[in-house]
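A short write-up of the structure that comes next.
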Amino acid sequence: MRNIYILASSAFLLLIWSFNFISDDIKPEENKPLESFSLSIDDTNFQQFEVKNLAKLLGVDYELIKSEHSADVSSSVDITLSLISIFTSGELAKVRLKYQEDNEISYVDLTEGEQFYSYQITQIHSSSVVLKNQEQTISLKMFKPHLVTITKQNNEEDVTQ
């Protein structure tokens, strides 16, 4: 009998607690007037991140590393280009190119006149696209890969076929 009394008391207290908890959520909030504040974007001052200041803050010596051979180094990269799709919307035509550089496959969407490395998209046809740089013109057809060698020297690109 005592166990039933303890169970009933516990259930009654749980019921009162849950009712108080729920009734707090139901009460409408008092209508307080909103406080206005002014926000000015003129107060924000953008500064470019400087490594020197971070090193000073951390208490370490900062020295710019310059390679003696970095100016003379050129690297050649072979890129396999493939035309994946051509899609149009009204007058706008876009092409999706798949390119593989160092065993990493990536995709890029381009429209006529946009640049891809040193090449510019000059024409978009129904089943091909024409890429042109200063020296050569490449016509990519659907799903037919084309190998292009790009030589990078001093952050500049030279493209050879």
Taking R0 as 25 Å and r as the Cβ-Cβ distance between Leu92 and Lys144, the FRET efficiency 1/(1 + (r/R0)^6), rounded to the nearest 0.05, comes to 0.55
Any idea how far apart Thr122 and Ile105 come out in nm if each label point goes 7 Å out from Cα toward Cβ? 3.0
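How far, in nm, would the chain grow between Glu112 and Gln136 when pulled straight, counting 0.36 nm per residue and subtracting the alpha carbon separation?
6.9 nm
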Give me Glu104, Glu114 sorted ascending by neighbouring Cβ count inside 10 Å, so fewest comes first. Glu104, Glu114
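Taken together, the values in this text are just the output of simple stated rules run on the coordinates, not laboratory data. Quantities reported herein were computed from a predicted structural model and do not represent experimental measurements. Here the Cβ is made from the backbone with ideal geometry for all residues, glycine too, and neighbour counts use every protein chain on show.
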